[in-house]
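Submitted below is the structure of interest, expressed as C-alpha cells.
The values are calculated or read from the model by the stated rules, or taken from the named source; none is laboratory data. Quick caveat, the model's predicted, so the values are computed rather than measured. A quick note on method: Cβ atoms are made from the backbone with ideal geometry, for glycine too, and the neighbour counts reach across all protein chains shown.
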Amino acid sequence: MEQTEQTTKDQIYIIDDAKWDELIEITHGAAAVCYQCGVCTATCPWGIVKDETVSVRKFMRQAQLGIDNGSEQLWLCTTCAQCDASCPRGVVISDVFRGLRQVAWDHGKPEEGLPSVLWSVFWNQNPWSQAPSQRFAWAKDLDLPSFDPENHEILFYVGCTASFDKRAQKVSRSLVQILNAAGISFGVLGDDEPCCGESVLNVGHKPYFLEIVDETMKVFQERGVTKFLTVSPHCYDVFKNHYPQMDGFEPVHYTQYLAVLIDEGRLKFEKKLKHKVTFQDPCYLARHNNESQAPRKVLGAIPGITLEEMENNASDTLCCGGGGGRMFLETAAGERFSDLRVDDALYTKADILVTACPACISCLEDSVKSKKLKDFAVMDVAELGAQALRAK
Ligand code: SF4
Ligand code: SF4
C-alpha cells in the first residue's frame, strides 16, 4: 500500500490510498468539488456554542485526501444540513460526514456509546435497548387494529422513539385521537413493526443500514403496506430519501397527512385554545425535505392559536442538536443548541414552543427543565391538535 506524508505546521497526516479509494466510493466523491471557502464552518451551529471551532471545511479537505484523523469532532455533526444549504459548491456535507464515519467504523474507531446503539437495533429492533415485545405497550388500552391493506386507508408507522420514549408516546396517542376524530381507517404493524434504521444510517454504518432496509422492506411487502405515515421526520426522511427501493411505497409525515385532511374538510379542530405559540422546524422536515408549510397549516387550523415566528425559521431553522446520533451521546451543558432555541422562543413571548419531531421535543424539553422555566411548555403539533378536537 502506497503511503505518503503531508506535514502541516502542527500535525502529520498519513495519506492512505486504500482509505482514499474507500472514501471516494462511499461518498461518491461528494467532497471533490469543495474549494475550501469555509462557509460551512461559519454556518455550523457548533461555532456558536463551542470555544474551539469545529472546522467543517477541514473535514471536507480530509475527505478529499482520504485522511481519517480519528478526531472526536467527527461525531459532533448532527446532520442538520445547515451547512449543505449554504455551500456554494453544492457539497452535501452531511453525507460526507456519514462517509467519514463509515470509514471510522470500518477501521474500528467508532465513538464510545454508539456500538451499543447498533447492538440494540440488532437484538431489540430499536436503538433504545427496550424489549421488542413492549413496542406497542403504549397503545395497550387503545385497541388499535392490525394493518389490513384491504380495509385500511393508511398504515400508522409509529417508529422506535414514538413507541418507546414515554414523552413521545403522548404524541403517538394524540395522533391516534386525531385520526379517529377524522374517521380515518388505519392500522398498525404491532410487534412486527421494524426499525427504519435511521440512527444506524446517520451514525455512519451504511452496510448494516442496508441490511435493515432489506428486512424492513420484506415486512412491508408481506403486510401489503403502500402508504404510511410517520411520527418522526427522521423516519420519514430515511424512508423517502435513503431507502433504495421505495417504488410503490409512499411515506408521509403526519403533519402532511393532517394538512391534506384539513384541505379535504375531513379534519376540523373545533375547540378554541388560547395560546401564542412559536414553531421549531425540525431539520429533517424543513431542510432535508423542504416541508415547512404542512405543520403551519395544521397550527393555523386550530382556533385561538397565534403563531409568532422565530428569526431562524423554515429552511433556516436552527437544529435542536438531536440528529446524527447525538441523541445517544452526551452534549456538555452550555453546548446544547436547544438552549439557544429555547432562548429564541422566549424572545417571541410565546407560551408554547411547538414542534413536530420526537427528537426536538426531547432536546427542547431538557433545555426548558435546565433553565427552570415556568409557564412555558414544549408541545407537539399533534398534542395541540388533540386538545382542540371538541368544543366544550
Ligand atoms: S462551504 Fe462547501 S465549498 Fe466551502 S469549504 Fe464548505 S464544503 Fe467546501
Ligand atoms: S450538518 Fe449541521 S452539525 Fe453537521 S457540519 Fe453541517 S452545520 Fe454542522
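What single numbered condition from (1) under 18 Å from residue 324 (Cβ atoms); (2) away from ligand 2 (no atom under 15 Å from the Cβ); (3) part of a helix (DSSP H, G or I) fails to hold for residue 123?
(1)
Taking segment 284-342, which residues are of a type in the set (Val, Ile, Thr) and buried (at least 16 other Cβ atoms within 10 Å of the Cβ)?
Here is the first cut: in segment 284-342, the residues of a type in the set (Val, Ile, Thr) are 298, 302, 305-306, 317, 331, 342.
Passing the criteria: 298, 302, 305, 317, 331, 342.
Still on this model: Quickly run through segment 230-281 and pick out the residues that are of a type in the set (Gly, Ala, Ser) and modelled with pLDDT of 95 or more.
Start the filter on segment 230-281 by keeping residues that are of a type in the set (Gly, Ala, Ser), which leaves 232, 248, 259, 265.
The answer is 232, 259, 265.
Yes or no, residue by residue, for (1) in contact (Cβ under 8 Å) with a residue 40 or more places away in the chain; (2) in the same structural domain as residue 205 (by TED's automatic domain parsing); (3) within 8 Å of ligand 1 (Cβ to nearest atom); (4) crowded, with 23+ Cβ neighbours inside 10 Å:
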{"position": "39", "(1), (2), (3), (4)": "yes, no, yes, no"}
{"position": "56", "(1), (2), (3), (4)": "no, no, yes, yes"}
{"position": "65", "(1), (2), (3), (4)": "yes, no, no, no"}
{"position": "70", "(1), (2), (3), (4)": "no, no, no, no"}
{"position": "86", "(1), (2), (3), (4)": "yes, no, yes, no"}
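Restricting to segment 269-308, name every residue that is assigned to a loop (DSSP other than H, G, I, E, B), touching a residue at least 60 places away in the same chain (Cβ under 8 Å) and among the polar types (S, T, N, Q).
280
Sort through 367, 362 and tell me the only one that's touching an Asp or Glu at 6+ places or on another chain (Cβ under 6 Å) and among the small types (Gly, Ala, Ser). So that I can check it myself, show each step before the final result.
Details: 362 fails: touching an Asp or Glu at 6+ places or on another chain (Cβ under 6 Å).
The conditions single out 367.
Please indicate, with yes or no, whether at least one residue in segment 16-38 is within 15 Å of ligand 2 (Cβ to nearest atom) and either touching a Gly at 6+ places or on another chain (Cβ under 6 Å) or modelled with pLDDT under 85 (or both).
Yes - at least one qualifying residue is present in segment 16-38.
While we're here: Select from segment 41-54 the residues that are more than 16 Å from ligand 1 (Cβ to nearest atom) and either among the polar types (S, T, N, Q) or in contact (Cβ under 8 Å) with a residue 12 or more places away in the chain (or both) and list them in ascending order.
We begin by selecting, within segment 41-54, every residue more than 16 Å from ligand 1 (Cβ to nearest atom); these are 48-52.
Result: 48, 49, 50.
Quick one: residue 99 ticks every box in (1) buried (at least 19 other Cβ atoms within 10 Å of the Cβ); (2) more than 15 Å from ligand 1 (Cβ to nearest atom); (3) more than 17 Å from the chain's Cα centre (by Cα) except a single one, so which number is it?
Tallying (1) buried (at least 19 other Cβ atoms within 10 Å of the Cβ); (2) more than 15 Å from ligand 1 (Cβ to nearest atom); (3) more than 17 Å from the chain's Cα centre (by Cα), residue 99 fails exactly one: (2).
Among the residues of segment 72-84, which ones are modelled with pLDDT of 90 or more and away from ligand 1 (no atom under 13 Å from the Cβ)? Write out each step before concluding.
Here is the first cut: in segment 72-84, the ones modelled with pLDDT of 90 or more are 73-84.
Once the filter is applied, which keeps residues that are modelled with pLDDT of 90 or more and away from ligand 1 (no atom under 13 Å from the Cβ), segment 72-84 yields 73, 74, 75, 76, 78, 79, 80.
Name every residue in segment 102-134 that is of a type in the set (Ser, Thr, Tyr) and under 21 Å from the mean Cα position of the chain (by Cα), in order of residue number.
From segment 102-134, those of a type in the set (Ser, Thr, Tyr) are 116, 120, 129, 133; that's our starting set.
Result: 116, 120, 129.
Here is a further query. All but one of (1) assigned by TED's automatic domain parsing to the domain that holds residue 171; (2) exposed (fewer than 15 other Cβ atoms within 10 Å of the Cβ); (3) over 14 Å from the mean Cα position of the chain (by Cα) hold for residue 272, so report the exception by its number.
Of everything listed in (1) assigned by TED's automatic domain parsing to the domain that holds residue 171; (2) exposed (fewer than 15 other Cβ atoms within 10 Å of the Cβ); (3) over 14 Å from the mean Cα position of the chain (by Cα), residue 272 misses just condition (1).
When you scan segment 98-137, how many residues do you find that are among the aromatic types (Phe, Trp, Tyr) and modelled with pLDDT under 95?
Within segment 98-137, the subset among the aromatic types (Phe, Trp, Tyr) is 105, 119, 122-123, 128, 136.
Of the ones still in play, those that are also modelled with pLDDT under 95 are 105.
Qualifying residue count, segment 98-137: 1.
While we're looking at this one, here's another question. Would you call residue 123 in contact with a His (Cβ under 6 Å, 6 or more places away or on another chain) and away from ligand 1 (no atom under 16 Å from the Cβ)?
On the way: in contact with a His (Cβ under 6 Å, 6 or more places away or on another chain): no; away from ligand 1 (no atom under 16 Å from the Cβ): yes.
Against the criterion (in contact with a His (Cβ under 6 Å, 6 or more places away or on another chain) and away from ligand 1 (no atom under 16 Å from the Cβ)), residue 123 does not qualify.
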